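Colleague: Can you read through this structure? Questions will come right after.
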Amino acid sequence: MATDDPELADIHLTDVPRLAGGLGAVTSTARFLRRESGLGRGAKALLAMNQPSGFDCPGCAWPEPAHPARLEFCENGAKAIAEEATTRRATPELFAARSVDELRALSDFELGQLGRITEPMVLRAGDRHYRPIAWDEAFALAAAELRAAGPGASAFYTSGRTSNEAAFLYQLVARWFGSPHLPDCANLCHESSGVALAETIGVGKGTVQLDDFAEADLILVIGQNPGTNHPRMLSTLREAAQRGATIVAVNPLREPGLVRFSHPQKPLDVLRGGVALAREHVAVRIGGDQAFLQGVAKAVLERDAIDHAFVAEHTTGLDAYRAHVAALDWRELEVQAGVPEATMRALADRYVAAERVIACWAMGLTQHPHAVAMIQEISNLMLLRGNIGKPGAGLCPVRGHSNVQGDRTMGITARPKAGFLDALDRDFGEAGFVAPRGDGLDTVDTLRAMRAGRITALVALGGNLVSATPDTDVTAAALDGCRFTLSIATKVNRTHLHPGATALLLPCLGRTEVDAQAGGPQFVTVEDSMSVVHRSQGVLQPISEHLRSEPAIVCGLGRALLGDVLPWDALVGDYDGIRALIARTIPGFTDFNTRVREPHGFVLRNAARERDFSGSGGHARFTVGHAPDLRLPPGRLRMMTIRSHDQYNTTVYGLDDRYRGIKGERRVVLMSSADMVALGLVERQVVDLISEFDGAERRVTRFIVVPYDIPPGNCATYFPEANPLIPLESVAAKSNTPTSKSVVVRVVPTEA
Ligand code: SF4
């Protein structure tokens with residue numbers, strides 16, 4: 001059992017493996033199934049995962065191929081369903097025996113081990129134990145509390161696991177109630193990508209399809225660790241590498257999943273030691289990607305190696321951009337990027353030699369103060385040679401949550417477009433709906449308003465706000481100060497242990513479970529990173545008869561809060577009714593119920609993919625971004641939070657990180673040997689980390705020093721353990737995304 005005293009922890013350090021996947025993935029998968037769901041139940045789920053007639057993995061949003069393999073899942077997808085299909089149960093007896101305060105003492109891993117919540121639970125004012133409650137009483141209580149708080153003081157949070165059907169109804173209920181406050185997990189992850197791309201190409205989504213990877217000459221993987229966070233992407237990269245495409249990884253960390261991959265289902269791979277992926281790894285400094293990309297562009301522009309026809313026809317702003325880049329000093333670019341001029345020129349050579357280029361990225365770019373400008377540097381570089389809107393080329397932000405993109409498409413946003421609100425008024429006005437106008441609060445602003453007492457009621461459709469957001473102590477206190485919180489969840493997490501004065505915990509069906517309604521078994525839909533909308537239907541018997549589906553819970557809340565403004569029972573009885581509403585209101589979903597029954601669903605149109613840049617004023621835009629000065633005062637490091645390989649977002653599957661050679665502990669700080677010497681620290685030393693922001697300091701204690709291959713001046717820790725160091729006020733410009741990848745810290749020995 002893990003302890004909070006790392007001196008007692010059984011940390012074990014090994015060499016970093018030279019490849020990802022392999023037999024290790026197979027044994028790890030089997031171990032998790034045995035520990036959680038049992039091999040039988042687990043195997044049944046795995047055989048249905050990511051299959052046309054099965055369910056969509058509740059993990060990341062990497063798409064399924066047109067012809068999925070019989071076993072179409074990765075190790076971390078298997079962990080995700082093992083967790084969901086677990087035989088452990090968080091029953092009323094557990095909550096009766098353990099108070100909220102006692103449960104708070106558990107680590108995030110131990111909380112996950114409590115199992116699936118089996119019945120709706122209520123925490124009444126003055127009580128510290130959750131108690132069972134009947135569904136209808138729960139909905140009535142929720143409605144009364146929300147009305148008492150008022151729509152202006154009520155926020156409706158959404159996690160990216162929520163299906164399209166539940167998300168569409170949820171935003172409708174919140175807005176019908178009068179609340180514009182729809183924070184979601186995208187605010188914490190790819191919001192910066194959405195903002196950046198909407199400005200430059202007119203669409204806040206990636207332009208690439210899976211088939212493009214079969215034609216690309218060069219694939220850039222920037223600020224992304226697919227080996228852990230999008231593992232099936234390694235299969236796609238493996239095929240591209242075998243076909244002769246060049247892969248270049250740009251990342252402070254040389255992650256095994258970027259270097260070499262042994263496909264567990266390819267015996268030859270296992271025998272031969274896998275397939276080499278990245279031909280080159282560029283170890284930029286944390287946040288140095290903008291300067292690096294400007295250096296690459298500078299070398300390309302010096303050779304005037306641009307697609308003049310494309311630039312002339314489809315873009316605007318090149319002159320200002322060219323002048324800006326030309327004026328940049330190579331020495332300064334080297335300092336800010338953390339790599340030599342020659343490395344930037346080398347990539348420029350590869351880039352110019354390639355006809356078709358795909359650029360992929362993830363959190364390593366989106367969670368910095370200059371994240372939006374950094375992502376626009378990718379867009380700039382790709383526009384120079386027309387690598388948008390042609391086969392084998394394009395922009396590919398890889399989403400980390402299975403339906404985070406779909407939720408946004410369904411209207412889950414604090415900043416809705418006027419056209420969308422007009423459509424809601426048009427389609428639901430007769431029934432009394434009036435869309436609240438103006439922007440609402442996103443996740444960071446909701447927490448700030450909660451801290452200030454302006455938001456006093458929170459409904460959370462999935463998610464784990466306390467562990468997913470920065471400034472953990474501030475977030476926890478803000479939640480504790482609410483009059484009412486309602487969480488719809490499958491398992492107990494830390495957010496449920498910071499309830500409002502009155503709180504509800506409502507257990508929903510998992511993605512793996514059969515959703516039986518009056519109209520028979522129902523399917524839901526999701527949208528992956530590449531805008532493919534497809535079905536998902538569970539195959540396992542629900543773990544409890546008391547569970548309800550997300551759409552059913554939202555309808556129950558809607559009826560209690562709004563009355564019979566919609567045919568709630570009919571919508572729950574047959575989700576085709578919900579999809580008919582979506583088809584009427586959301587562009588691109590015409591004939592939704594017919595098209596989604598096609599074997600692989602359908603692809604939503606992406607205008608930029610057709611070189612239609614009407615969304616950005618008719619042209620794709622070059623932007624002029626000023627890379628920040630990343631130099632730090634002596635004795636400071638720039639810290640980024642990362643996931644371990646035994647983790648999915650805030651869900652902690654175990655205490656090991658086999659891709660980084662760490663076993664048995666999560667309170668670790670990965671730093672270079674050079675920095676350890678400079679700071680007088682040694683391997684396994686117990687240290688505190690202190691962040692500095694705006695004159696304020698935040699501290700986390702008793703972390704263990706782990707020497708690691710990371711550029712000096714930088715260090716890495718896991719979230720949520722290091723989240724207390726990240727200031728709520730430190731956000732990315734324009735996107736308001738927390739800067740979890742850019743925190744200035746001191747690392748000091750823990751005082752005895
Ligand atoms: S790659 Fe992502 S979506 Fe696919 S199985 Fe793994 S976690 Fe699930």
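Colleague: Could you say whether any residue in region 128-148 is among the basic types (Lys, Arg) and either within 12 Å of Ala503 (Cα to Cα) or in a strand (DSSP E or B) (or both)? Full working, then the answer.
Modeller: Step one: list which residues in region 128-148 are among the basic types (Lys, Arg), which gives 128, 131, 147.
Next, from what is left, pick out any that are either within 12 Å of Ala503 (Cα to Cα) or in a strand (DSSP E or B) (or both): 128, 131.
Within region 128-148 (the criterion being among the basic types (Lys, Arg) and either within 12 Å of Ala503 (Cα to Cα) or in a strand (DSSP E or B) (or both)), the answer is yes, since at least one residue qualifies.
Colleague: Of the residues in region 32-54, how many are near the ligand (Cβ under 10 Å from one of its atoms) and open to solvent by 20 Å² or more (accessible area, probe 1.4 Å)? Full working, then the answer.
Modeller: Let us first name the residues in region 32-54 that are near the ligand (Cβ under 10 Å from one of its atoms), namely 46, 49-50.
Keeping just the survivors that are open to solvent by 20 Å² or more (accessible area, probe 1.4 Å) gives none.
Counting residues in region 32-54 that are near the ligand (Cβ under 10 Å from one of its atoms) and open to solvent by 20 Å² or more (accessible area, probe 1.4 Å) gives 0.
Colleague: Can you go through Val270, Val248, Val300, Val339 and tell me which one is over 19 Å from Thr200 (Cα atoms), touching a residue at least 40 places away in the same chain (Cβ under 8 Å) and in a loop (DSSP other than H, G, I, E, B)?
Modeller: On the way: Val270 fails: in a loop (DSSP other than H, G, I, E, B); Val248 fails: in a loop (DSSP other than H, G, I, E, B); Val300 fails: in a loop (DSSP other than H, G, I, E, B).
Going through Val270, Val248, Val300, Val339 in turn, just one is over 19 Å from Thr200 (Cα atoms), touching a residue at least 40 places away in the same chain (Cβ under 8 Å) and in a loop (DSSP other than H, G, I, E, B): Val339.
Colleague: Restricting attention to helices (runs of 4 or more DSSP H) lying wholly within region 55-126, give those where 1 or more residues are within 16 Å of the ligand (Cβ to nearest atom) and over 18 Å from the mean Cα position of the chain (by Cα). Spell out the reasoning first.
Modeller: Values: elements: 75-84, 92-97, 100-104, 108-112.
Passing ranges, in order: 75-84.
Colleague: Sort out which residues of region 599-648 are among the aliphatic types (A, V, I, L, M) and either under 30 Å from Ala78 (Cβ atoms) or within 16 Å of the ligand (Cβ to nearest atom) (or both), and write them in order of number.
Modeller: Initially, region 599-648 is screened for residues among the aliphatic types (A, V, I, L, M), giving 603-604, 607-608, 620, 624, 627, 630, 632, 637, 639-640, 642.
Val603, Leu604, Met640, Ile642 - these are the residues of region 599-648 that are among the aliphatic types (A, V, I, L, M) and either under 30 Å from Ala78 (Cβ atoms) or within 16 Å of the ligand (Cβ to nearest atom) (or both).
Colleague: If you don't mind, there's one more thing I want to ask. Would you please list the contacts, defined by Cβ atoms under 8 Å and residues six or more apart or on different chains, that run from a residue in region 172-188 that is on the phi > 0 side of the Ramachandran plot to a residue that is assigned to a helix (DSSP H, G or I) and open to solvent by 10 Å² or more (accessible area, probe 1.4 Å)?
Modeller: Here the result reads Gly178/Pro151; Gly178/Gly152, each pair linking region 172-188 to a residue that is assigned to a helix (DSSP H, G or I) and open to solvent by 10 Å² or more (accessible area, probe 1.4 Å).
Colleague: Just checking, which of Ala216, Ala198, Ala245 is closer than 23 Å to Leu365 by Cβ, at pLDDT 95 or above and surrounded by 24 or more Cβ atoms within 10 Å (Cβ to Cβ)? Before the answer, list the steps.
Modeller: Numbers: Ala198 fails: surrounded by 24 or more Cβ atoms within 10 Å (Cβ to Cβ); Ala245 fails: surrounded by 24 or more Cβ atoms within 10 Å (Cβ to Cβ).
After ruling out the rest, the residue left standing is Ala216.
This table checks each residue for (1) within 16 Å of the ligand (Cβ to nearest atom); (2) under 30 Å from Asn380 (Cα atoms); (3) modelled with pLDDT under 95.
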| position | (1), (2), (3) |
| --- | --- |
| Ala393 | no, yes, no |
| Val398 | yes, yes, no |
| Pro416 | no, yes, no |
| Asp427 | no, no, no |
| Val434 | no, no, no |
| Thr446 | no, no, no |
| Ala449 | no, no, no |
| Gly453 | no, no, no |
| Ala460 | no, no, no |
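Colleague: If you check Arg128 against the conditions, is it under 27 Å from Cys555 (Cβ atoms), open to solvent by 10 Å² or more (accessible area, probe 1.4 Å) and in contact (Cβ under 8 Å) with a residue 24 or more places away in the chain? Spell out how you get there, then give the answer.
Modeller: On the way: under 27 Å from Cys555 (Cβ atoms): no; open to solvent by 10 Å² or more (accessible area, probe 1.4 Å): yes; in contact (Cβ under 8 Å) with a residue 24 or more places away in the chain: yes.
Considered against the rule, which asks whether it is under 27 Å from Cys555 (Cβ atoms), open to solvent by 10 Å² or more (accessible area, probe 1.4 Å) and in contact (Cβ under 8 Å) with a residue 24 or more places away in the chain, Arg128 comes out as no.
Colleague: Would you check if there is a residue in region 155-168 being in contact (Cβ under 8 Å) with a residue 40 or more places away in the chain, open to solvent by 50 Å² or more (accessible area, probe 1.4 Å), out of contact with any Gly (no Cβ under 8 Å at 6 or more places or on another chain) and in the same structural domain as Leu465 (by TED's automatic domain parsing)? Don't jump to the end; show me each part of the working.
Modeller: Applying the first criterion (in contact (Cβ under 8 Å) with a residue 40 or more places away in the chain) to region 155-168 yields 155-168.
Remaining after also requiring open to solvent by 50 Å² or more (accessible area, probe 1.4 Å): none.
No, region 155-168 contains no residue that is in contact (Cβ under 8 Å) with a residue 40 or more places away in the chain, open to solvent by 50 Å² or more (accessible area, probe 1.4 Å), out of contact with any Gly (no Cβ under 8 Å at 6 or more places or on another chain) and in the same structural domain as Leu465 (by TED's automatic domain parsing).
Colleague: Checking the condition closer than 26 Å to Leu328 by Cβ and either out of contact with any Phe, Trp or Tyr (no Cβ under 7 Å at 6 or more places or on another chain) or assigned to a helix (DSSP H, G or I) (or both), which residue from Ala414, Ala359 passes?
Modeller: Details: Ala414 fails: closer than 26 Å to Leu328 by Cβ.
Answer to the selection: Ala359.
Colleague: Taking region 214-239 on its own, how many of its residues are more than 16 Å from the ligand (Cβ to nearest atom) and more than 18 Å from the chain's Cα centre (by Cα)?
Modeller: Quick first cut of region 214-239, residues more than 16 Å from the ligand (Cβ to nearest atom) only: 214-220, 222-223.
Still in the list and also more than 18 Å from the chain's Cα centre (by Cα): 214-220.
Selection size over region 214-239: 7.
Colleague: Shifting gears a bit: If you take the residues of region 251-267 that are assigned to a loop (DSSP other than H, G, I, E, B) and open to solvent by 40 Å² or more (accessible area, probe 1.4 Å), which of them is farthest from Asp211 (Cα to Cα)?
Modeller: Out of the qualifying residues, it is Arg254.
Colleague: Can you name the residue in region 706-752 that is in a loop (DSSP other than H, G, I, E, B) and hydrophobic (A, V, I, L, M, F, W, C) and, of all such residues, is nearest to Tyr659 (Cα to Cα)? First the steps, then the outcome.
Modeller: Initial filter on region 706-752 (in a loop (DSSP other than H, G, I, E, B)): 708-713, 719-722, 726-730, 732-737, 739-742, 750-752.
Narrowing the set further to residues that are hydrophobic (A, V, I, L, M, F, W, C) leaves 710, 719, 722, 726, 728, 732-733, 752.
On the way: Ile710: 14, Phe719: 16, Ala722: 20, Ile726: 25, Leu728: 30, Ala732: 29, Ala733: 33, Ala752: 32 Å.
So the residue we want is Ile710.
Colleague: Which of the residues that make up region 415-455 are out of contact with any Leu (no Cβ under 9 Å at 6 or more places or on another chain) and at positive phi?
Modeller: Gly438, Gly453
Colleague: Here's something else I'd like to know. Give me the residue from region 590-622 that is assigned to a strand (DSSP E or B) and either under 18 Å from Asp212 (Cα atoms) or in contact with an Asp or Glu (Cβ under 9 Å, 6 or more places away or on another chain) (or both) and, out of that set, least open to solvent (accessible area, probe 1.4 Å).
Modeller: First, pick out the residues of region 590-622 that are assigned to a strand (DSSP E or B): 602-603, 620-621.
Now restrict to residues that are either under 18 Å from Asp212 (Cα atoms) or in contact with an Asp or Glu (Cβ under 9 Å, 6 or more places away or on another chain) (or both): 602-603, 621.
Working: Phe602: 18, Val603: 76, Arg621: 99 Å².
It comes out as Phe602.
Colleague: Scan region 304-321 and give yes if some residue there is open to solvent by 10 Å² or more (accessible area, probe 1.4 Å), acidic (Asp, Glu) and under 32 Å from the mean Cα position of the chain (by Cα), otherwise no. Spell out how you get there, then give the answer.
Modeller: Step one: list which residues in region 304-321 are open to solvent by 10 Å² or more (accessible area, probe 1.4 Å), which gives 304-309, 311-320.
Add one more test, that the residue is acidic (Asp, Glu), and what stays is 304, 307, 313, 319.
Imposing the further condition that a residue be under 32 Å from the mean Cα position of the chain (by Cα) reduces the set to none.
No; the residues of region 304-321 include none that is open to solvent by 10 Å² or more (accessible area, probe 1.4 Å), acidic (Asp, Glu) and under 32 Å from the mean Cα position of the chain (by Cα).
Colleague: Can you list the strands (runs of 3 or more DSSP E) lying wholly within region 633-700 that have 2 or more residues being surrounded by fewer than 20 Cβ atoms within 10 Å (Cβ to Cβ)?
Modeller: Numbers: elements: 637-642, 668-671, 686-693.
Qualifying strands (runs of 3 or more DSSP E): 686-693.
Colleague: Out of region 303-336, which residues are of a type in the set (Gly, Ala, Ser) and in a helix (DSSP H, G or I)?
Modeller: Going through region 303-336, the residues of a type in the set (Gly, Ala, Ser) turn out to be 305, 309, 312, 317, 320, 323, 326-327.
Of everything in region 303-336, those that are of a type in the set (Gly, Ala, Ser) and in a helix (DSSP H, G or I) turn out to be Ala309, Ala312, Ala320, Ala323, Ala326, Ala327.
Colleague: Any residue at all in region 380-399 that is open to solvent by less than 30 Å² (accessible area, probe 1.4 Å) and in contact with a Pro (Cβ under 8 Å, 6 or more places away or on another chain)? If you could, list the steps in order and put the result at the bottom.
Modeller: Residues of region 380-399 open to solvent by less than 30 Å² (accessible area, probe 1.4 Å): 380-384, 386-389, 392-399.
Pick out the ones that are also in contact with a Pro (Cβ under 8 Å, 6 or more places away or on another chain) and you get 398.
Within region 380-399, one or more residues are open to solvent by less than 30 Å² (accessible area, probe 1.4 Å) and in contact with a Pro (Cβ under 8 Å, 6 or more places away or on another chain).
Colleague: Criterion first (more than 16 Å from the ligand (Cβ to nearest atom) and of a type outside the set (A, V, I, L, M, F, W, C)) does Asn187 satisfy it? Full working, then the answer.
Modeller: On the way: more than 16 Å from the ligand (Cβ to nearest atom): yes; of a type outside the set (A, V, I, L, M, F, W, C): yes.
So Asn187 passes the test.
Colleague: So is Arg175 part of a helix (DSSP H, G or I) and among the basic types (Lys, Arg) or not? Walk me through how you get there before you give the answer.
Modeller: Working: part of a helix (DSSP H, G or I): yes; among the basic types (Lys, Arg): yes.
So Arg175 passes the test.
The values are calculated or read from the model by the stated rules, or taken from the named source; none is laboratory data. Quick caveat: nothing in here was measured; it's all calculated off a predicted structure. Every residue, glycine among them, receives a Cβ derived from its backbone with ideal geometry; neighbour counts consider all protein chains shown. Protein only, heavy atoms only, side chains kept; ligands, DNA and RNA dropped before computing areas. Shrake-Rupley method; radii C 1.70, N 1.55, O 1.52, S 1.80 Å.
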